[in-house]
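Visitor: Here it is: the structure, laid out below.
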Amino acid sequence: MTQKNVHANPNKNRTPRHRAREFALQGLYQWLLNNEDAGAIDAHIREAHGFDKADAEHFDTLLHGTIRQVDKLREGLGPLIDRPIDQLSPVEHAALLIGAYELSNHLEIPYKVVINEAVELTKSFGGIDGHKYVNGVLDKFAAKVRDVEVDDAKRR
């Protein structure tokens, strides 16, 4: 996983919830590559430097919720991507899963915030243009699962 050294030189503007998403992305990355037990991944990540500044509850929700719903999330994302899901980079795959999970289960978070967070995760940890791909796919996913909210935003 490419990383722009986000933990060695922390940006003070990263919120606890954003940090939770960063750690969830790392956990999902590990799960996608090694199919490790979610509990073991969770325990390992909680020991990581900086975890104390993350929203631990949101981390739990994202990591365990996404893994629990992975089949449903992949089913929803499948028609929106241009290749088999197993051919996505693990960072893009994890960011799409987190974004799809939040769009589907956390209606209290505006859809634009969810997409922006997934894009930022991909910029921090992924390849050069992966964030553009994640943005495009999650825009389409949001239009499916949050059609009223997306339509309202377009009318404004």
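Visitor: In region 115-156, how many residues are in contact (Cβ under 8 Å) with a residue 40 or more places away in the chain and polar (S, T, N, Q)?
Guide: So the answer is 1.
Visitor: ASP52: surrounded by fewer than 16 Cβ atoms within 10 Å (Cβ to Cβ), more than 18 Å from the chain's Cα centre (by Cα) and free of Cβ contacts under 8 Å to residues at least 24 places away in the same chain, yes or no?
Guide: yes
Visitor: Tally up the residues in region 56-90 that are farther than 29 Å from ILE128 by Cβ and under 12 Å from the mean Cα position of the chain (by Cα), please.
Guide: 2
Visitor: Moving on to the next point. With respect to LEU121, is the statement that it is at pLDDT 95 or above and surrounded by 21 or more Cβ atoms within 10 Å (Cβ to Cβ) true?
Guide: So LEU121 fits the description; yes.
Visitor: Go through (1) exposed (fewer than 15 other Cβ atoms within 10 Å of the Cβ); (2) part of a helix (DSSP H, G or I) and name the single condition GLY127 misses.
Guide: In the conditions (1) exposed (fewer than 15 other Cβ atoms within 10 Å of the Cβ); (2) part of a helix (DSSP H, G or I), GLY127 misses (2) alone.
Visitor: Would you check if ALA24 is closer than 26 Å to ASP139 by Cα, surrounded by 15 or more Cβ atoms within 10 Å (Cβ to Cβ) and either touching a strand residue (DSSP E or B) at 6+ places or on another chain (Cβ under 6 Å) or aliphatic (A, V, I, L, M) (or both)?
Guide: Against the criterion (closer than 26 Å to ASP139 by Cα, surrounded by 15 or more Cβ atoms within 10 Å (Cβ to Cβ) and either touching a strand residue (DSSP E or B) at 6+ places or on another chain (Cβ under 6 Å) or aliphatic (A, V, I, L, M) (or both)), ALA24 qualifies.
Visitor: Follow-up. Out of all the residues in region 79-97, is one or more modelled with pLDDT of 95 or more and surrounded by fewer than 14 Cβ atoms within 10 Å (Cβ to Cβ)?
Guide: Yes.
The values are calculated or read from the model by the stated rules, or taken from the named source; none is laboratory data. Quantities reported herein were computed from a predicted structural model and do not represent experimental measurements. With ideal geometry, Cβ positions are generated from the backbone for all residues, glycine too; neighbour counts draw on all protein chains shown.
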